[in-house]
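Laboratory data are not the source of any read-out in this text; all were calculated from the coordinates shown. Nothing here was measured: the structure is a model prediction, and the numbers come from that model. Positions of Cβ are backbone-derived with ideal geometry, glycine not excepted, and every protein chain shown enters the neighbour counts.
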Amino acid sequence: MAKLKILKIGDETLRKVSRPVDNITPRVLTLLDDMVETMRAANGAGLAAPQVGVLRRIVVVETEEDGLFQLINPKIIAYSGEQESEEGCLSVPGRFGITRRPMHVTVRALNRKGETVDITASGFLAKAFCHELDHLDGKLYVDCAIKMDNDM
Ligand code: NI
């Protein structure tokens with residue numbers, strides 16, 4: 001496994017739309033492994049492939065409570081409710097903001113074996129999925145933050 005460099009806000013790659021994964025090749029699995037290692041080394045709760053310079057629809061999310069998710073071509077297929085809470089991003093170091101996100105989401109994705117999985121999440125995990133999936137469309141939480149730390 002290898003620790004990858006995390007791109008920071010201002011890098012154009014973070015603003016691009018990522019392409020779906022057609023085949024789960026060994027290269028994709030290695031990327032997932034490296035993303036998990038990179039996320040953990042940075043003490044993050046999630047990481048999306050464009051943050052490490054790969055414009056593919058791949059994310060990893062990990063929380064103590066819910067464990068590790070490694071998702072390929074993830075999509076939000078249902079959402080409900082609302083939460084306002086603090087959010088940060090490994091690509092926006094040292095900053096935080098308040099966002100408004102759904103309280104509950106269901107994400108459909110492929111797992112490492114290429115099986116379709118539906119994951120229903122609430123609270124922090126729901127927010128984390130929304131945040132990471134936004135990265136795949138070139139969006140950062142600072143775009144939708146209703147308040148940033150320097151306004152507080
Ligand atoms: Ni982020």
**Request:** Say whether the condition of being outside any loop (DSSP other than H, G, I, E, B), within 25 Å of Lys16 (Cα to Cα), touching a residue at least 12 places away in the same chain (Cβ under 8 Å) and within 16 Å of the ligand (Cβ to nearest atom) is met by at least one residue in the range 112-124.
**Result:** no
**Request:** Please specify each residue of the range 2-35 satisfying the condition of being among the β-branched types (Val, Ile, Thr) and within 15 Å of the ligand (Cβ to nearest atom).
**Result:** Ile6, Ile9, Thr13
**Message:** Any residue that is surrounded by 20 or more Cβ atoms within 10 Å (Cβ to Cβ), closer than 20 Å to Thr25 by Cα and of a type in the set (D, E, K, R) - is there at least one of those in the range 57-77?
**Reply:** yes
